[in-house]
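Report on the following structure.
Any read-out appearing in this document is the output of simple, stated calculations on the displayed coordinates, not a laboratory observation. For clarity, every value in this text was computed on a predicted model and none was experimentally measured. For neighbour counting, all protein chains shown are included, and Cβ atoms are generated from backbone atoms with ideal geometry for every residue, glycine included.
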Amino acid sequence: MHIHILGICGTFMGGVAALAREAGHRVTGCDAGVYPPMSDQLRALGIELIEGYTPDQLDLKPDLFVVGNVVSRGNPLMEAILNAGLPYTSGPQWLSENVLHGRHVLAVAGTHGKTTTTSMLTWILERAGLQPGFLVGGVPQNFGVSARLGELDEAKRPASGHPFVIEADEYDTAFFDKRSKFVHYQARTAVLNNLEFDHADIFADLAAIETQFHHLVRTVPGQGRLVVNAREESLQRVLDRGCWSDVVRFGVRGDVPGFRARGEPHAFDVLKAAVLVGRVEWPLMGEHNQMNALAAIAAAEHVGVSPQVACEALAQFANVKRRLELRGEVKGITVYDDFAHHPTAIRTTVDGLRRRIAPDQRILAVFEPRSNTMKLGTMKALLPWSLEEADLSFCHSGGLGWDAAEALAPMGDHAVVIDNIDTLVAKVVKAAKPGDQILCMSNGGFGGIHDKLLKALAAT
């Protein structure tokens, strides 16, 4: 079959493309910005990419158009598809019907930590010999790719009952299907990692997102498992609306049934109720990663992997690209890259780095409020709180519809707001001194700021 993917360079749709190609389909695709690293990965798989959404792409005559949620009415190619009455579907629907059907799907949902927890869980299953399929919204460094089919049967189809781990996003499916992506996945094991307000462009409030999580819970079978963060009141409200599956909680305190950690985030015992079941020692920092680990251990147990084996696997977990990823060091100044963009994620990331470095070392937080939610200014009042542990903060305000300087005013001279990347780089370089940790945070490419910083620091 020949499928043509609209919005192919997004992380999720790029993963769908890779899975379709691995399954033997001819795959082509288009996007408004055909950009690396996804474009390079896709071309390496033999996938033809087209810049833009021109109607003449109908001349490719694919058997099916797969439409990403970046596409809306008025898109010239989509309008041509509709006018011609040609077959189309969404990425999640195609994935459900062609890859996930009949598999044991382990879906990881939550406002934060989805990519990391999905990667942890996939690595645990891999080390346990299960050869899982997976689709992750990033690149797990243990695998080097963001998606694969996993074990296949004799007909080269995904093996029935075999595990497939997927990052389960609550964002909407497509312009013609406003359900959250994760309701398509038919999860047998669902991780509910946490739940805060996000995606202000499509959700009115937290209650609206809780409703979508309730819909996910409704799709998990009675013999399935819900792995739930015990510390989140929002998730308890979701369960209170109805629950038909086994529930295993993590992050519990005391002897309450469930999984908990005892010790520091980089070296901790794992207990199930009061019983020691394993120990994790690894280079990752931060309580959020400790919680992610507990979620992955509890989910892996549902497909027969013991907590002890899971803990041993996590000791060899190499994390995901763009999660406190070291980009380089120049003249004693270190530059990191991180995907954090939600205020809670920014605070957690800065705190994780603070715990890693010496007391006399400074953190220079360089960030851009780039997500749809942050561009709307919905959470701008939380930014000073999210940056408390940073010594200096530099905000790129280009493209914002609100006053970042006003939002960061409570931080006084500890915050600098600049609307130009090159000027921002110059300000950071001027402020930096040996021993400083420069932490760049964005859910986009941030104008190549990491390499610009390293080059400018080397030239000083």
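Structure notes:
- Percent of beta bridges antiparallel (DSSP, the chain, rounded to nearest 5): 30
- Cα centroid separation, the stretch 222-275 to the stretch 178-220: 18 Å.
- Whole-Hz ³J(HN,Hα) from phi, Karplus 6.51 cos²θ - 1.76 cosθ + 1.60, for the stretch 429-440, glycine and proline x: 4, 5, 7, 6, 9, x, x, 5, 10, 9, 10, 8
- Segment E287..D205, full-extension length gain: 26.8 nm, with 0.36 nm per residue of separation and the alpha-carbon distance subtracted.
- Computed extension gain for Q236 through A358, at 0.36 nm per residue and net of the alpha carbon distance, reaches 40.1 nm.
- Computed 3J(HN,Hα) for the stretch 52-58, one whole-Hz value per residue from the Karplus formula 6.51 cos²θ - 1.76 cosθ + 1.60 where θ = phi - 60°, is x, 10, 7, x, 5, 5, 4, glycine and proline marked x.
- Antiparallel %, DSSP beta bridges [both residues in the stretch 101-314], to 5: 45
- Equivalent ellipsoid of the stretch 101-314: semi-axes from √(5λ) of the C-alpha gyration tensor, largest first, are 24, 22, 16 Å.
- What the Cα convex hull of the stretch 2-89 gives, in volume per residue, is 79 Å³.
- Each Cα pair under 8 Å and six or more residues apart adds its separation to the average, and for the stretch 141-293 the resulting relative contact order is 13 percent.
- Our note on the geometry: Cα centres of the stretch 406-460 and the stretch 1-51, 33 Å apart.
- The alpha carbons of the stretch 325-459 occupy a box of 38, 29, 26 Å along the principal axes, longest dimension given first.
- Rounded to 5, the percent of DSSP beta bridges in the stretch 325-459 classed as antiparallel: 20
- Pairwise Cα inverse-distance average, inverted: Kirkwood Rh of the chain (Å): 23.0
- Comparing G332, L82, V71 along the charge dipole axis of the chain, the residue lying farthest to the positive side is G332, per the Cβ-charge model.
- The lysines whose alpha-carbon is closer than 27 Å to the alpha-carbon of K114, local same-chain residues fewer than 8 away aside, are K178, K181, K272, K321, K375, K380.
- Computed from backbone phi, the HN-Hα couplings of the stretch 342-359 come to 6, x, 5, 5, 4, 4, 5, 5, 5, 5, x, 5, 4, 6, 8, 9, 6, x Hz, rounded to whole numbers (Karplus: 6.51 cos²θ - 1.76 cosθ + 1.60, θ = phi - 60°; Gly and Pro given as x).
- Listed by chain and number, the lysines placed with their C-alpha closer than 16 angstrom to that of K455 are K331, K427, K430, K433; residues fewer than eight positions away on the same chain are left out.
- Cα-centred dipole magnitude for the chain, charges only on beta-carbon of K, R (+1) and D, E (-1), debye, nearest 20: 660
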